[in-house]
1. Assuming Phe151 fulfils every condition listed in (1) in a helix (DSSP H, G or I); (2) buried (at least 17 other Cβ atoms within 10 Å of the Cβ) apart from one, which condition is it?
2. Given the residues Asp224, Asp180, which is the only one that is modelled with pLDDT under 95 and surrounded by fewer than 16 Cβ atoms within 10 Å (Cβ to Cβ)?
3. Being part of a loop (DSSP other than H, G, I, E, B) and in contact with an Asp or Glu (Cβ under 9 Å, 6 or more places away or on another chain) is the filter here; which residues of segment 187-200 pass it?
4. Given the residues Ala206, Ala236, which is the only one that is touching a Gly at 6+ places or on another chain (Cβ under 8 Å) and crowded, with 18+ Cβ neighbours inside 10 Å?
5. Being among the small types (Gly, Ala, Ser) and surrounded by fewer than 20 Cβ atoms within 10 Å (Cβ to Cβ) is the filter; apply it to segment 14-43 and report the residue that is farthest from Asp90 (Cα to Cα).
6. Considering only residues that are free of Cβ contacts under 8 Å to residues at least 60 places away in the same chain and of a type in the set (A, V, I, L, M), which ones fall in segment 31-61?
7. Identify, by number, the condition in (1) of a type in the set (Ser, Thr, Tyr); (2) in contact with a Pro (Cβ under 9 Å, 6 or more places away or on another chain); (3) within 15 Å of the ligand (Cβ to nearest atom) that Thr95 doesn't meet.
8. Look at Ile127 and say whether it is crowded, with 24+ Cβ neighbours inside 10 Å and either among the basic types (Lys, Arg) or within 15 Å of Asn244 (Cα to Cα) (or both).
Amino acid sequence: MLRPPDASSVKLAERLSTSVGVGVVHATRAISPSLHEIVLHGVSALAGVPGNDVMLEVTHEGRPVRRRYSVRSVDRELDTLTLWIATHHDGAGATLARTVTEGTALDVVGPRGKIGLDELADWHLCIGDVSSLAAFYRLAESIEPPGRVVFIIEVDDPADALTPSLPEGLGVTGIFVDRDGRPRGTADGLLSGLAAFAFPPDDGHAYLFGEFGAMNVLRTALLDRGLSPEAISLKAFWRVGSANADHGEPDKTV
Ligand SMILES: Cc1cc2nc3c(=O)[nH]c(=O)nc-3n(C[C@H](O)[C@H](O)[C@H](O)COP(=O)(O)OP(=O)(O)OC[C@H]3O[C@@H](n4cnc5c(N)ncnc54)[C@H](O)[C@@H]3O)c2cc1C
């Protein structure tokens with residue numbers, strides 16, 4: 001029989017006014033040099049809406065901590081949800097993704113997250129790295145044709161440039177920028193990708209999900225290009241040089 005969630009997970013879900021469950025790893029595989037796909041069974045009710053994420057309980061130096069992962073997709077009939085987890089660094093979440101086996105039970109708290117698709121935007125600009133692909137592709141799948149979406153993504157390896165199958169009638173542009181040995185967390189590569197994109201004249205919305213410092217530089221660049229603050233949604237996913245805190249958020253002190 002499936003174990004109940006840990007008392008700490010139940011308490012956390014109560015405090016966050018969200019739900020808790022135990023997901024069983026149904027499938028796990030590397031889908032690119034830097035990304036692992038984990039399919040969890042039993043917690044599809046926690047998937048929320050496009051843009052939402054779930055918190056997994058993982059072990060860091062012998063104690064339980066939380067790591068947040070955007071939901072890539074959900075299958076309510078099969079009761080599964082899929083996560084894409086970056087594994088090209090050393091961290092508790094990355095280690096879990098690399099080593100977890102089918103049948104493992106994991107505490108899952110969710111849905112979490114406040115950034116959803118801006119339904120009024122004519123075009124959507126998604127800027128980030130491989131850790132943001134799950135969120136961006138689920139958001140893009142929810143755009144009504146003839147909407148437009150542009151992805152500007154920095155990758156370590158050309159094989160990390162995974163592409164989604166999006167609804168017919170959607171205008172899709174993908175700009176994948178090779179990190180090319182630049183230090184992680186520097187914005188130069190993404191800025192050059194952004195420079196290659198001419199803003200259409202109608203209303204757009206930008207989603208910046210990725211490394212804290214790089215995303216803040218990109219936000220300034222978008223403001224300089226004339227996008228209004230309301231048309232920019234930024235979420236720092238991680239921060240170069242420091243582990244995320246036990247609750248899953250990167251340090252946001254400047
Ligand atoms: C709302 C939200 C949604 C998220 N969704 C996803 C998602 O869908 N997929 C995903 O992979 N991540 C996602 N993240 C980021 C993920 O939760 C963090 O990267 C997390 O810190 C990874 O945990 P870790 O234990 O592996 O590494 P940590 O213990 O946090 O960090 C260890 C070291 O690795 C570095 N590091 C951490 N993450 C990365 C990275 N992505 N690339 C390079 N170096 C890194 C840190 O700077 C640190 O030096 C999300 C974060 C948030 C807040």
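1. Checking Phe151 against (1) in a helix (DSSP H, G or I); (2) buried (at least 17 other Cβ atoms within 10 Å of the Cβ), the one that fails is (1).
2. Numbers: Asp224 fails: modelled with pLDDT under 95.
Being modelled with pLDDT under 95 and surrounded by fewer than 16 Cβ atoms within 10 Å (Cβ to Cβ) holds for just one of Asp224, Asp180, which is Asp180.
3. Initial filter on segment 187-200 (part of a loop (DSSP other than H, G, I, E, B)): 187, 196-200.
If the condition is that a residue be part of a loop (DSSP other than H, G, I, E, B) and in contact with an Asp or Glu (Cβ under 9 Å, 6 or more places away or on another chain), then Ala187, Pro200 are the ones that fit.
4. Details: Ala206 fails: touching a Gly at 6+ places or on another chain (Cβ under 8 Å).
The match here is Ala236.
5. In the first step, residues of segment 14-43 are kept if they are among the small types (Gly, Ala, Ser); the result is 17, 19, 21, 23, 27, 30, 32, 34, 42.
Then drop every residue that is not surrounded by fewer than 20 Cβ atoms within 10 Å (Cβ to Cβ), which leaves 17, 19, 27, 30, 42.
Details: Ser17: 31, Ser19: 29, Ala27: 22, Ala30: 16, Gly42: 28 Å.
Taking the candidates together, the pick is Ser17.
6. The initial filter retains those residues of segment 31-61 that are free of Cβ contacts under 8 Å to residues at least 60 places away in the same chain, namely 37, 39, 41-42, 44-45, 54, 56-59, 61.
Result: Val39, Ala45, Val54, Leu56, Val58.
7. Condition (2) is where Thr95 drops out.
8. Details: crowded, with 24+ Cβ neighbours inside 10 Å: yes; either among the basic types (Lys, Arg) or within 15 Å of Asn244 (Cα to Cα) (or both): no.
Against the criterion (crowded, with 24+ Cβ neighbours inside 10 Å and either among the basic types (Lys, Arg) or within 15 Å of Asn244 (Cα to Cα) (or both)), Ile127 does not qualify.
The values are calculated or read from the model by the stated rules, or taken from the named source; none is laboratory data. What you see is a predicted model; the values in this text were computed from it and never measured. Note: ideal-geometry Cβ built from the backbone for every residue, glycine included; neighbour counts use all protein chains shown.
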